[in-house]
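**Q** A single structure is presented below for examination.
The values are calculated or read from the model by the stated rules, or taken from the named source; none is laboratory data. Quick caveat: nothing in here was measured; it's all calculated off a predicted structure. Cβ coordinates were reconstructed from backbone atoms using ideal geometry, including for glycine residues, and neighbour counts include every protein chain displayed. These accessible areas exclude ligands, DNA and RNA; they are computed on the full protein's heavy atoms, side chains included. Shrake-Rupley method; radii C 1.70, N 1.55, O 1.52, S 1.80 Å.
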Amino acid sequence: MIDDLRVQGGVILLVGLAGGLLPFLTKWNERKLHNALALSTGIFLGAVFLHMLPALPEAAPHDEHHGGMLLWSFVLVGVLGVYFLESLVFRTHDHDDLHRHKAVGYASMAGLSIHALTTGVGLAAASVAEVAMPVFVAIIAHKAFEAFSLMSVFMLAQFPKKRMVGFILVFACLTPLGIWAGSVLFSALGDTGLAIAVALAAGTFLFVCLSDLLPEVFHHKEDILLKIVLLLLGIGLMAGIHGLEG
């Protein structure tokens, strides 16, 4: 089982790197980047509404009422945390698009990082239950899309190339790290701790998608129909992956 998890972790790492570095193979102007961001936003929305939020009831502690309230409270903490982070830390000029894009980039990295870690822990748990293969296939499918989407946000923020590559490398490593944590420290992490991490990630992305990414995609009026199609395509891709997880 350990050997299988190591192989799976290595494949996930390579897929994440490939998806994240793919945008470097072509030149992007602002118009193309906003079109790519439409697809990325659809992927992020699908991740929030079809993966993270539906997982909360299943992850809630045994006391359904108080457990559910606890997790939804942490979703709220995630929403408010990103708002305060963007408003008070990163966004120094209210009308400075570049500062706003950088804030979105950091917030996206934070939310996806938590999600990547908990996904790895989930794969380790599925391996214990001998149902790892469907989970592994689903992780492979959305890892490349999420890494690609993350890189498109970094490009919009005009991060230096070395920083973008470093962030993608870290992101690619997080799910394998989660697999290790899940296999070695699963009892110490506990179901409640994992559920809280999922709730925080969901709150982070809920805010980023609705408050930052969607307005940014449709801020410019070019290619509106194409952007809508790409947005729906991104959601559809995540819906298909959700079917694999089922």
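**Q** How many residues are surrounded by fewer than 17 Cβ atoms within 10 Å (Cβ to Cβ) and modelled with pLDDT under 80 when one looks only at region 32-62?
**A** 6
**Q** Among the residues of region 221-246, which ones are of a type in the set (Lys, Arg) and modelled with pLDDT of 80 or more?
**A** As a first pass, look at region 221-246 and keep what is of a type in the set (Lys, Arg): 221, 227.
Across region 221-246, the qualifying residue is only LYS227.
Each row is one residue, and each column tells you yes or no for (1) more than 16 Å from the chain's Cα centre (by Cα); (2) under 24 Å from VAL77 (Cα atoms); (3) in a helix (DSSP H, G or I); (4) modelled with pLDDT under 80.
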{"residue": "THR175", "(1), (2), (3), (4)": "no, yes, yes, no"}
{"residue": "GLY190", "(1), (2), (3), (4)": "yes, yes, yes, yes"}
{"residue": "LEU194", "(1), (2), (3), (4)": "no, yes, yes, yes"}
{"residue": "PRO215", "(1), (2), (3), (4)": "yes, yes, yes, no"}
{"residue": "HIS219", "(1), (2), (3), (4)": "yes, no, no, yes"}
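**Q** I'm checking my understanding of the structure. Among residues of region 1-19 that are aliphatic (A, V, I, L, M) and modelled with pLDDT under 85, which one is least open to solvent (accessible area, probe 1.4 Å)?
**A** Among residues in region 1-19 that are aliphatic (A, V, I, L, M) and modelled with pLDDT under 85, the one least open to solvent (accessible area, probe 1.4 Å) is LEU5.
**Q** For ALA126, all conditions in the list (1) at pLDDT 80 or above; (2) open to solvent by less than 20 Å² (accessible area, probe 1.4 Å); (3) not hydroxyl-bearing (Ser, Thr, Tyr) hold save one; what is the number of the exception?
**A** Just one mismatch for ALA126, condition (1).
**Q** Going by what's in this entry, would PHE186 be described as modelled with pLDDT under 85 and open to solvent by 30 Å² or more (accessible area, probe 1.4 Å)?
**A** yes
**Q** Related question: For the structure I just gave you, tell me whether MET109 is surrounded by fewer than 20 Cβ atoms within 10 Å (Cβ to Cβ), part of a helix (DSSP H, G or I), modelled with pLDDT of 70 or more and more than 14 Å from the chain's Cα centre (by Cα). Steps first, answer last, please.
**A** Working: surrounded by fewer than 20 Cβ atoms within 10 Å (Cβ to Cβ): yes; part of a helix (DSSP H, G or I): yes; modelled with pLDDT of 70 or more: yes; more than 14 Å from the chain's Cα centre (by Cα): no.
It is false that MET109 is surrounded by fewer than 20 Cβ atoms within 10 Å (Cβ to Cβ), part of a helix (DSSP H, G or I), modelled with pLDDT of 70 or more and more than 14 Å from the chain's Cα centre (by Cα).
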